[in-house]
Amino acid sequence: MNKIEHIGIAVKDLEASNSLFEKLFGQPHYKTESVASEGVTTSFFQVGPNKIELLEASSEDSPIAKFLEKKGEGIHHIAFAVEDIEAEMTRLKEEGFTLIHEKPKKGADNKLVAFLHPKSSNGVLVELCQEIAG
């Protein structure tokens, strides 16, 4: 793992949260993107070398909707940048971590993504992110 790629925050209302975080960071978000396969709409902020991703459910049965129902708004996941997501998934599986998906999938912000189940990482949902070439 090279660095923290971003921190994901689950929110109920993306528009209201964008306004809040714009005030907090003193700058607007740089991108909004829908990921239909995950039932989520995302908004990204660049804060120095760090990124914050706000996540709003776009369907009632999405993972974010379920998270918000169970835990409310707050930190949802920590994402780490990796060079080779499949190799990192294999390594982590061999180390005993449980993967939520067996293969990486297309995520937001031009990334291939995969998640570790929080039960295998002290309650933290960990996302692996690899930049899609080209």
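The values are calculated or read from the model by the stated rules, or taken from the named source; none is laboratory data. Since we're looking at a predicted model, the values are computed, not measured. FYI the Cβ positions are ideal-geometry reconstructions off the backbone, even for glycines, and counts take in every protein chain you see. All accessible areas refer to the heavy atoms of the entire protein, side chains included, with ligands and DNA or RNA removed. Shrake-Rupley method; radii C 1.70, N 1.55, O 1.52, S 1.80 Å.
Criterion first (modelled with pLDDT of 95 or more, assigned to a strand (DSSP E or B) and either more than 16 Å from ILE9 (Cα to Cα) or not polar (S, T, N, Q) (or both)) does PHE115 satisfy it? The answer is yes for PHE115. Name every residue in segment 52-89 that is surrounded by fewer than 12 Cβ atoms within 10 Å (Cβ to Cβ) and either under 11 Å from GLY8 (Cα atoms) or within 14 Å of the chain's Cα centre (by Cα) (or both), in order of residue number. Scanning segment 52-89 gives a single hit, GLY74. Residue pairs whose Cβ atoms lie under 7 Å apart, separated by 6 or more positions or on different chains, with the first residue in segment 106-134 and more than 16 Å from LYS51 (Cα to Cα) and free of Cβ contacts under 8 Å to residues at least 24 places away in the same chain and the second surrounded by fewer than 15 Cβ atoms within 10 Å (Cβ to Cβ) and not aliphatic (A, V, I, L, M), are HIS117/THR98; LYS119/THR98. Among the conditions (1) exposed (fewer than 14 other Cβ atoms within 10 Å of the Cβ); (2) farther than 14 Å from PHE115 by Cα; (3) in contact with a helix residue (DSSP H, G or I) (Cβ under 9 Å, 6 or more places away or on another chain), PRO49 misses just one, which is (3).
Taking the listed residues GLY107, GLY96, the one that is under 17 Å from THR41 (Cα atoms) and open to solvent by less than 80 Å² (accessible area, probe 1.4 Å) is GLY107, with no other qualifying. For ILE64, indicate whether it is free of Cβ contacts under 8 Å to residues at least 60 places away in the same chain and either of a type in the set (S, T, N, Q) or out of contact with any helix residue (DSSP H, G or I) (no Cβ under 7 Å at 6 or more places or on another chain) (or both). So ILE64 fits the description; yes.
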